[in-house]
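Presented below is the structure to which this report refers.
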Amino acid sequence: MLFVLSGSLRVYLSSEEGREITLYRIHAGETCIMGASCVLKSITFDIFIDAVEDTQVIQVPSGAINTTMNQNVYIECYAYKMAAERFSDIMWAMQQILFMSFDKRLAIFLLDESSSSHSDEIRMTHEQIAKLMGSAREVVTRMLKYFSSEGYVELSRGTVRLTDKTALKKLL
């Protein structure tokens with residue numbers, strides 16, 4: 001189990017061909033329980049966790065979590081509650097990937113990033129955005145150029161600045 005003190009983590013699946021799908025992200029003050037397969041015995045797939053930025057975490061060994069859960073029903077309930085919340089995040093990600101057009105997905109991503117950073121400037125490369133969205137850089141670049149031509153964003157090296165949030169929200 002990981003407790004994120006600062007920074008953020010990306011939890012994702014990776015195919016044999018190297019394609020990645022971000023399941024969810026974990027920010028400061030949040031917990032990652034999906035990596036603790038001893039806690040949730042029905043987890044039978046490998047997940048990967050990368051730091052998106054400089055991150056400080058506290059790692060609690062799975063044996064300690066398992067022992068604590070067996071001795072304290074409140075800890076066990078907390079672990080299952082966190083797992084249910086993460087499962088909900090995963091289902092949202094799958095719904096977006098499977099059923100939502102890319103322009104809507106990108107608009108949601110940009111608005112969410114802006115909201116979480118409390119800034120209209122998103123300091124990420126097209127490659128970083130693509131990785132977080134489970135897409136190809138070329139697709140992200142093409143859609144960002146379209147958003148720029150429509151006046152929704154301004155693009156500069158390593159930065160996307162939201163200039164018309166109202167228009168982005170209309171895409172949703």
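Mind counting lysine pairs for me in the chain? Cα separation below 19 Å, and the two need to be 8 or more apart along the chain or on different chains.
Here the count comes out as 10.
Skipping prolines and chain starts, which residues have an amide H placed within reach, meaning under 5 Å, of the one on residue 8, given they are 5 or more residues away or on another chain?
52, 53
Projecting each Cα onto the charge dipole of the range 48-172 (Lys/Arg +1, Asp/Glu -1 at the beta carbon, about the Cα centre), which of 158, 80, 55 comes out farthest on the positive side?
Comparing the listed Cα positions along the dipole, 158 ranks first.
Estimate the FRET efficiency between residue 101 and residue 72 by the formula 1/(1 + (r/R0)^6), using the beta-carbon distance for r and 41 Å for R0, to the nearest 0.05.
Given R0 = 41 Å and the Cβ-Cβ separation, E is 0.35.
Sort all Cα-Cα distances of the chain into consecutive 10 angstrom bins from zero, then give the percent of pairs in each bin up to the one containing the longest distance.
Over the chain, the share of Cα pairs per 10 Å bin runs 9, 34, 32, 17, 7, 1 percent.
Kindly write out, for the range 164-172 in residue order, the coupling ³J(HN,Hα) from the Karplus curve 6.51 cos²θ - 1.76 cosθ + 1.60 (θ = phi - 60°), rounded to whole Hz, with x marking Gly and Pro.
Each residue of the range 164-172 in turn: 9, 5, 4, 5, 4, 5, 5, 5, 6 Hz.
Ignoring any ligand, DNA or RNA, what whole percent of the accessible area of the chain comes from carbon and sulfur when the probe is 1.4 angstrom?
Of all accessible area on the chain, carbon and sulfur atoms account for 51 percent.
Under the rule that an exposed site lies in a DSSP loop and has at most 16 other Cβ atoms within 10 Å, name the longest stretch of the chain with no trypsin sites (Lys or Arg not before Pro) of that kind, not counting the sites themselves.
Longest site-free region, per DSSP loop and neighbour criteria: 42-122.
Given a 1.4 angstrom probe, what's the average accessible area per residue across the chain, in square angstrom?
On the way: 10170 Å² over 172 residues.
I get 59 Å² per residue for the chain.
Quick query: amide H of residue 159 versus all other amide H atoms, modeled in the peptide plane; which residues come in under 5 Å with a sequence gap of 5 or more or a different chain?
124
In the range 72-152, what GluC sites (Glu not before Pro) fall in a loop by DSSP, with at most 14 other Cβ atoms inside 10 Å?
150
The values are calculated or read from the model by the stated rules, or taken from the named source; none is laboratory data. Values in this document were obtained by computation on a predicted structure and should not be read as measured data. FYI the Cβ positions are ideal-geometry reconstructions off the backbone, even for glycines, and counts take in every protein chain you see. Note: areas computed on protein heavy atoms with side chains; ligands, DNA, RNA excluded. Shrake-Rupley method; radii C 1.70, N 1.55, O 1.52, S 1.80 Å.
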